[in-house]
Amino acid sequence: MTGSGTRARIRLSNRYGSAPLEVTGAALARTDKGAAVQEGTVRRLIFGGAASVRIPAGGEVHSDAAESTRASAGIFC
C-alpha cells in the first residue's frame, strides 16, 4: 500500500477469469512477523455495503473505503 491518508479502497480483479468470482469475505491488516498480522489492525472490507461481492468474468470491483491509519510505517496485506 502506498500513498497517504487514513482510508483505503481495495481493487479486486477477475480480469482473466472465464466465470464470475464469488468473494464471500475480504480483509485488510497490517503485517507483523511471518504470516501474522498486528493485533487490532484487521479491517473487514465491504462492497457497496455488503460483506460479499460477485465479480463478473473480466471485471473488477472496488471496496468501500476502509480505515487504514497510516500513522506508523508498515505493510498492509
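So here's what we get for this one:
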item	result
Under 10 Å, Cβ to Cβ, from Glu39 - net charge with Lys/Arg +1 and Asp/Glu -1	0
Net charge of neighbours whose Cβ lies under 14 Å from the Cβ of Arg54, counting Lys and Arg as +1 and Asp and Glu as -1	-2
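Coordinate-derived values only; no laboratory data. Because the structure is predicted, anything quoted here is derived from the model rather than measured. Here the Cβ is made from the backbone with ideal geometry for all residues, glycine too, and neighbour counts use every protein chain on show.
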